[in-house]
Amino acid sequence: MATQHTKRKTRDEPSAEHNVLEITNASVAFAMERGDARVLDDVSINVRRGEVLGVVGESGSGKSMLADSMLDAIDSPGTLTGDVVFNPPEGGEPIKVNELSKEELRRFRWERVSMVVQGALDSFNPTLSIGDHFVETLRAHDYDIQEGMERARQLISDVHLEPDRVLDAYPHELSGGMKQRALIALSLILDPDVLVMDEPTAALDLLMQQSILKLLSELKAEYDLTIVIVTHDLSHVARISDRLAVMYAFELLELGPVQDIVMDPAHPYTRELLNSIPDIDADLDEMASIEGTSPDPLNVPKGCSYHTRCPLADEQCRATNPDLMEVSDDHGAACFYTDEARETIPLKKEVSK
């Protein structure tokens, strides 16, 4: 094993002028009979105003917990510690999200940061029309119904649906792709600054997945949105993201511009994750998977959480959990051996951006 190089700790852009959300040392734990299950472990990340941030990793890596933390939407009996700060684009005092009252938080979640949760295709009330969902949301936030429904019609058009048909329809009358588009429109009805999407394309076919991602790019430009997309599908989200955050075992392992992450990743996990992306043109014996399994949240190993699956792991990795270290400008990885990772784990295919 080569000697460890000295690396500086990565500093994400600290200025409120650039950051719409600042998450510092965020942890989420659930009390269980066997002990506390920590499902987000001391994660610090900034969401920059106007960007698309993709958050990727295997199932159970903590991606959804990070997304929920941005809105302080952790289900009981889970507890969130750390700091989540929202910087209003119009200026003024930063909003400490996880110190808001229930009423303040209710308004914040639709008016400042809106979220389309995982499995949202089943979240419509089947007894209400799509239009009724818009009306209820507007009424709950004391918005003018007539003016709000004019905006709803525009949003429905912007997601390439017919307002007359869709607003009068019931959820069961729409296809999965149409429901996802209607949900995106609903999430934007109160003109939020940030849209958080948890697995927005998981239940859709390949063509519809590509269509939804293209739509999000259009909406970002039209409504000056900041978008956070949580997904296990690195290859898809890379096409519209500005930066990627790679998570594993409830920690942030790599963060940087999308081109750096997909073309020259520095962490062994990211490299193996890229190599595991299915390729229909590859021979069967070339299909790769990451050996081993992710750790139990009640039994995360000491040291680097990935060391039990990493081909480069040594005693230092087993004893010490590395910070996110600077690899290049704006690119960091939580690994002692980023140079060696590139040599030991070559990329087998190129992911298009």
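Among (1) under 21 Å from Gly332 (Cβ atoms); (2) crowded, with 18+ Cβ neighbours inside 10 Å; (3) at pLDDT 95 or above, where does Phe134 come up short?
For Phe134, the failing item is (1).
Across the stretch 144-194, what is the total count of residues that are among the β-branched types (Val, Ile, Thr), assigned to a helix (DSSP H, G or I) and buried (at least 21 other Cβ atoms within 10 Å of the Cβ)?
3
Tell me the residue from Glu162, Glu147 that is closer than 30 Å to Glu90 by Cα and over 26 Å from the mean Cα position of the chain (by Cα), please.
Exactly one of Glu162, Glu147 is closer than 30 Å to Glu90 by Cα and over 26 Å from the mean Cα position of the chain (by Cα), namely Glu147.
Can you pull out the residues in the stretch 287-304 that are at pLDDT below 95 and not hydrophobic (A, V, I, L, M, F, W, C)?
Selection gives Ser289, Glu291, Gly292, Thr293, Ser294, Pro295, Asp296, Pro297, Asn299, Pro301, Lys302.
Restricting to the stretch 37-60, name every residue that is of a type outside the set (A, V, I, L, M) and buried (at least 22 other Cβ atoms within 10 Å of the Cβ).
Asn46, Gly54, Gly57
For the stretch 302-316, which positions are part of a loop (DSSP other than H, G, I, E, B) and free of Cβ contacts under 8 Å to residues at least 12 places away in the same chain?
His307, Ala313
Can you tell me how many residues within the stretch 117-143 are outside any helix (DSSP H, G or I) and among the acidic types (Asp, Glu)?
Residues in the stretch 117-143 being outside any helix (DSSP H, G or I) and among the acidic types (Asp, Glu): 1 in total.
Could you run through the stretch 234-265 and say how many residues are buried (at least 18 other Cβ atoms within 10 Å of the Cβ), in contact with a helix residue (DSSP H, G or I) (Cβ under 9 Å, 6 or more places away or on another chain), not in a helix (DSSP H, G or I) and not aliphatic (A, V, I, L, M)?
6
Within the stretch 54-97, track down each residue that is of a type in the set (S, T, N, Q), assigned to a loop (DSSP other than H, G, I, E, B) and within 18 Å of the chain's Cα centre (by Cα).
Ser59, Ser61
The values are calculated or read from the model by the stated rules, or taken from the named source; none is laboratory data. As the structure is a computational prediction, the values presented were derived from the model and not from experiment. Methodologically, a virtual Cβ is constructed for each residue, glycine included, from the backbone with ideal geometry; neighbour enumeration extends over all protein chains shown.
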